[in-house]
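Asker: There's a structure below that I have some questions on.
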Amino acid sequence: MEATTAAQTTLTKKEQPRDKRRVLRFMWKYKALYLLSLPGILYFLIFKYIPLMGSVIAFQNYNLFAGFSGSPWVGLEHFTRMFSHYDFLNILKNTLLLGIYDITFAFTAPIILALLLNEVRMVLYKKVVQTVIYAPHFLSWVIVSGIFIGVLSPSSGVANTMLGWFGLGPIYFLGEDSYIRSVLVGSGLWRDVGWGTIIYLAALASINPDLYEAAEMDGAGRWRQMLSITLPALLPVITILFLLKMGDFLDYGFERVFVFQNPLNIRNSEILDTYIYKAGLTQMQYSYATAIGLFKSVVGLFLLAIANTLSKKATGESLY
């Protein structure tokens, strides 16, 4: 028995250099692809992974002049302070609500729009529509906010002008807490819905046309074809994008909220990202802001793990 185990160990050791050589030959064969991927790898390494080491300041009273090594350790003090903050629950509630609204509307709208565009048979009209709905994505949030502030203006905005046609008084959409979340979600939907259809349209283009022809011969209409062919073909893409979205659930975006904020709507528009900016940069509480950011990351990882597990069991699709 011992001789057999020793022989197996010897064979394993002999196979290891062979496996290494096989991997090196594979990498050399596809060296062009590895070189093309190198900038992306360096980007994530330099700007995503190396900065993770800075998360250590969440457990310190960080001092710019003392650095990581000279700053005193305080343990979970900043996390305790975060949870005991008088407005933290409201800020977290705003972030969660906007995240839920974003998944409910902003995530599903590109799917619906892609399905509608897929049914358009006039190629020229389809291309024009695609170009028009893609265009807002390339506008900065400062410009988008300027457009929406003008459209929603209580004195000269198009929205209030139309309300006046029905005998309704003007509404200050950006000056009332009850409307600000709708404005934030609506502006994001207008800006990014077209851009979100690109991946879905690419997936739709890869569906074999013979499937539609066979379904049509069997008497299936367009609605039945969409339910039986189009949606199942899109399901893997939808699942992967949904899982990625869950990882960023609390990352609603600083700039898209900050440009619409004012003292009148701050109660319902303050989210973790804007609070981190105010605490970390304007008040220079770097350790406290890092603790909040670390909390966001941990929650995102937790949600991603749960969603990935449920997806693997329900659909067989997962990130890992």
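Asker: Run PRO170 past the list (1) over 23 Å from ILE149 (Cα atoms); (2) at pLDDT below 90; (3) in contact with a helix residue (DSSP H, G or I) (Cβ under 8 Å, 6 or more places away or on another chain); (4) not small (Gly, Ala, Ser) and report the number of the one that doesn't hold.
Answerer: Here PRO170 meets the rest and fails (1).
Asker: Only one of these is touching a residue at least 60 places away in the same chain (Cβ under 8 Å) and aliphatic (A, V, I, L, M): LEU152, LEU168, LEU174. Name it. Let's see the steps before the verdict.
Answerer: Details: LEU152 fails: touching a residue at least 60 places away in the same chain (Cβ under 8 Å); LEU168 fails: touching a residue at least 60 places away in the same chain (Cβ under 8 Å).
Result: LEU174 is the single residue among LEU152, LEU168, LEU174 that is touching a residue at least 60 places away in the same chain (Cβ under 8 Å) and aliphatic (A, V, I, L, M).
Residue by residue, here is whether (1) among the charged types (D, E, K, R); (2) under 19 Å from the mean Cα position of the chain (by Cα); (3) under 20 Å from ILE57 (Cβ atoms) holds:
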{"site": "PHE260", "(1), (2), (3)": "no, no, no"}
{"site": "THR274", "(1), (2), (3)": "no, yes, no"}
{"site": "LYS278", "(1), (2), (3)": "yes, no, yes"}
{"site": "SER287", "(1), (2), (3)": "no, no, yes"}
{"site": "LEU301", "(1), (2), (3)": "no, yes, yes"}
{"site": "ASN308", "(1), (2), (3)": "no, yes, no"}
{"site": "GLU317", "(1), (2), (3)": "yes, yes, no"}
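Asker: OK, next. Which number in (1) over 27 Å from the mean Cα position of the chain (by Cα); (2) over 30 Å from THR239 (Cβ atoms) marks the one condition that ASP218 misses?
Answerer: (2) is the only condition that ASP218 fails.
Asker: On to the next question. If you scan the range 297-317, which residues turn out to be buried (at least 16 other Cβ atoms within 10 Å of the Cβ) and touching a helix residue (DSSP H, G or I) at 6+ places or on another chain (Cβ under 6 Å)? Full working, then the answer.
Answerer: Step one: filter the range 297-317 for residues buried (at least 16 other Cβ atoms within 10 Å of the Cβ), giving 299-300, 303-304, 307-308, 311, 317.
Result: GLY300, LEU303, LEU304, ALA307, ASN308, SER311, GLU317.
Asker: Within the range 249-264, how many residues turn out to be surrounded by 17 or more Cβ atoms within 10 Å (Cβ to Cβ) and either at positive phi or modelled with pLDDT of 90 or more (or both)?
Answerer: Of the residues in the range 249-264, 6 are surrounded by 17 or more Cβ atoms within 10 Å (Cβ to Cβ) and either at positive phi or modelled with pLDDT of 90 or more (or both).
Asker: Name the pairs: first residue in the range 63-80 and exposed (fewer than 12 other Cβ atoms within 10 Å of the Cβ), second residue not in a loop (DSSP other than H, G, I, E, B), Cβ to Cβ under 9 Å, at least 6 apart or on different chains?
Answerer: From the range 63-80, the pairs are LEU64/TYR286; PRO72/GLN60; TRP73/PHE59; TRP73/GLN60; GLY75/PHE59.
Asker: Of the residues LYS278, LYS245, which is touching a Phe, Trp or Tyr at 6+ places or on another chain (Cβ under 7 Å) and either in contact (Cβ under 8 Å) with a residue 40 or more places away in the chain or under 20 Å from ARG181 (Cβ atoms) (or both)?
Answerer: Numbers: LYS278 fails: touching a Phe, Trp or Tyr at 6+ places or on another chain (Cβ under 7 Å).
Answer to the check: LYS245.
Asker: Then there is this: Quick one: count up the residues across the range 88-99 that are in contact (Cβ under 8 Å) with a residue 60 or more places away in the chain and within 14 Å of TYR288 (Cβ to Cβ).
Answerer: Of the residues in that region, 1 qualify.
Asker: Related question: Does the range 95-111 include one or more residues that are of a type in the set (D, E, K, R) and buried (at least 17 other Cβ atoms within 10 Å of the Cβ)? Give the steps one after another, and end with the answer.
Answerer: Of the range 95-111, the ones of a type in the set (D, E, K, R) are 102.
Now narrow it down to the ones that are buried (at least 17 other Cβ atoms within 10 Å of the Cβ): 102.
Yes, that holds for at least one residue.
Asker: Within the range 17-76, which residues are farther than 25 Å from ALA291 by Cβ, of a type in the set (Gly, Ala, Ser) and under 27 Å from the mean Cα position of the chain (by Cα)? Can you show your working first?
Answerer: Initially, the range 17-76 is screened for residues farther than 25 Å from ALA291 by Cβ, giving 17-43.
Okay, now just the ones that are also of a type in the set (Gly, Ala, Ser), so 32, 37, 40.
Those that are farther than 25 Å from ALA291 by Cβ, of a type in the set (Gly, Ala, Ser) and under 27 Å from the mean Cα position of the chain (by Cα): SER37, GLY40.
Asker: Quick one: in the range 266-284, which of the residues that are at pLDDT 90 or above and among the polar types (S, T, N, Q) is nearest to PHE65 (Cα to Cα)?
Answerer: Step by step, filter the range 266-284, then rank; the result is THR274.
The values are calculated or read from the model by the stated rules, or taken from the named source; none is laboratory data. Quantities reported herein were computed from a predicted structural model and do not represent experimental measurements. Here Cβ is always computed from backbone atoms with ideal geometry, including for glycine, and neighbour counts include all displayed protein chains.
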